[in-house]
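Below is one structure, written out as structure tokens; the observations come after it.
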Amino acid sequence: MICEMCGKDVPVTRPVFIERSKINVCAACAKFGEDAKAGGAPGSAPSAVAIEQRLERRRRRMGTRDAYAGTETVSLVEDYGRVVREARQKRGLDLDEFSDSIGERRGTISRIEANELVPDDKLRKKLERELDITLMETVQASGAVTAKSQGPMTLEDFIKRE
Ligand SMILES: [Zn+2]
């Protein structure tokens with residue numbers, strides 16, 4: 001099951017209320033919300049602690065790029081499409097067979113292989129798992145990479161920015 005907050009694949013998720021919407025999260029993220037089973041209901045005022053935790057998370061998230069400047073950061077490899085295509089072909093699967101086997105639309109996979117579509121976290125992890133490949137790379141967040149981080153936003157960036 002996928003935690004709807006951090007995107008981690010965990011054995012169990014639990015429903016909590018965060019900002020009045022019910023989402024399923026992992027145990028680590030559950031502390032940021034109000035336990036749906038313990039009577040936290042949509043519309044109930046969040047506690048001061050919950051608000052503080054939320055603000056803290058936001059601060060941390062917004063500060064991420066600066067905080068990591070000069071250190072390492074992990075990002076999608078530039079030729080992810082080729083990596084996916086070659087791994088698929090090595091398995092002797094055509095696009096139809098492969099997309100069928102992982103329950104995705106053929107067009108989605110074909111656009112990813114053409115580097116036209118950046119897979120979201122969930123799909124990226126699925127591709128990595130199914131094809132036994134790695135689509136993320138660690139890069140030095142030096143001056144040179146700063147320019148790169150201002151490139152086209154991926155879906156992942158977009159989610160992080162809310
Ligand atoms: Zn989580």
Pseudo-spin-label distance residue 101 to residue 139, built 7 Å along Cα→Cβ, given in nm, is 3.1 nm
To the nearest 0.05, how large is the calculated FRET efficiency for residue 10 and residue 59 if R₀ is 30 Å and r is the Cβ-Cβ distance?
0.75
Which cross-chain or sequence-distant (5 or more) residues have an amide H under 5 Å from the amide H of residue 36, H modelled 1.01 Å from N in plane?
16, 17
Cα centroid distance between the range 1-40 and the range 120-138, in Å?
23 Å
Given a Förster distance of 25 Å, the FRET efficiency implied by the Cβ-Cβ spacing of residue 1 and residue 32, rounded to the nearest 0.05, works out to 0.90
Using θ = phi - 60° and the Karplus relation 6.51 cos²θ - 1.76 cosθ + 1.60, list the HN-Hα couplings for the range 11-27 in order, rounded to whole Hz, with x at every Gly or Pro.
x, 10, 10, 10, x, 9, 9, 10, 6, 6, 10, 8, 9, 9, 10, 7, 4
Which of the peptides 8-16, 100-108 is most tightly packed, and how do the rest follow, going by the mean number of other Cβ atoms within 10 Å of each residue?
8-16, 100-108
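Rule-based calculations on the coordinates, nothing more; no lab input. Keep in mind that this is a model prediction, so the values were computed, not measured. All Cβ positions, glycine included, derive from the backbone under ideal geometry; neighbour counts span all protein chains shown.
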